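Asks: Mind having a look at this structure? Questions to follow.
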Amino acid sequence: MARRGAAVIVIDYSYTLAMVMPDEPRPSSLDQVATGRLLVPPIWPYEVANAFRSAVRRGRVAEPEIMGVCARIEGLQFELAGSHDPAVRHRYLAAMSHGLTAYDAAYVELALQRRCPLATLDAALVRVAVHAGLDVLQ
């Protein structure tokens, strides 16, 4: 779905779920995001997988349906931003400076580093990203 040379967009798991879950309303910026180069931090696959696990456990969707959702995600060509920096200190300081969990701060930090928009539906991330001067796609 993403094109070479397209705008880079950091996307968080909340936005990802809205893209693919059958019971989620689609974000108004979906067309714009879907044509971008979708970049995610290393924590993203774990957060998405955990959200799927919770959705199945709560009866939101059946497990066979989640397998189809996983296939759709894998077809969207998310790019995992690699990091060879194992420093816990940097993650801690980012979380503290943004007033977020270290997981959420990873999305903001990646967007800041790459100087690109952040696609999120998380209100706290929107607030912090706007305050940090990032463009936010909702």
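The values are calculated or read from the model by the stated rules, or taken from the named source; none is laboratory data. Because the structure is predicted, anything quoted here is derived from the model rather than measured. Cβ sites come from the backbone with ideal geometry, for glycine too, and all protein chains shown count toward neighbours. For the accessible areas, the whole protein counts, side chains as well, though only heavy atoms, and no ligand, DNA or RNA atoms are used. Shrake-Rupley method; radii C 1.70, N 1.55, O 1.52, S 1.80 Å.
Asks: Quick check: the angle from helix 88-98's long axis to the longest principal axis of the chain, C-alpha only, nearest 10 degrees?
Replies: 90
Asks: Treat each spin label as a single point 7 Å out from the Cα along the C-beta direction, and report the TYR92 to GLN138 distance in nm.
Replies: Calculated label separation equals 3.4 nm.
Asks: Set Lys and Arg Cβ to +1 and Asp and Glu Cβ to -1, take the dipole of the chain about its Cα centre, and tell me which of GLY68, VAL40, ASN50 lies farthest positive.
Replies: VAL40
Asks: Can you give me the long-range amide H partners of GLN138? Hydrogens built in the peptide plane at 1.01 Å from N, cutoff under 5 Å, separation of 5 or more residues or another chain.
Replies: When sequence neighbours closer than 5 places are left aside, the close amide H contacts are SER29.
Asks: Does the chain come out rounded, prolate or oblate, given a ≥ b ≥ c as the square roots of the eigenvalues of its C-alpha gyration tensor, rounded meaning a/c under 1.5 and, failing that, prolate meaning a/b above b/c?
Replies: Judged from the Cα gyration tensor, the chain comes out prolate (a/c at least 1.5, a/b above b/c).
Asks: Can you send over the carbon and sulfur percentage of the accessible area for the chain, probe radius 1.4 Å, protein chains only?
Replies: Numbers: 4300 of 7970 Å².
Its accessible area is 54 percent carbon and sulfur atoms.
Asks: Same structure, new question: I want to check the label-to-label distance for ALA6 and VAL61. Put each point 7 Å from Cα in the C-beta direction and report it in nm to one decimal.
Replies: 2.0
Asks: Amide H neighbours of VAL8 under 5 Å, counting only residues 5+ apart in sequence or on other chains, H built in-plane at 1.01 Å?
Replies: Sorted by chain and number, the residues that satisfy this are ARG37.
Asks: What is the dipole size for the chain, taken about its Cα centre, with +1 at each Lys and Arg Cβ and -1 at each Asp and Glu Cβ, in debye to the nearest 20?
Replies: Values: 14 positive and 14 negative charges, 30 e Å.
With only Lys, Arg, Asp and Glu charged at Cβ, the dipole is about 140 debye.
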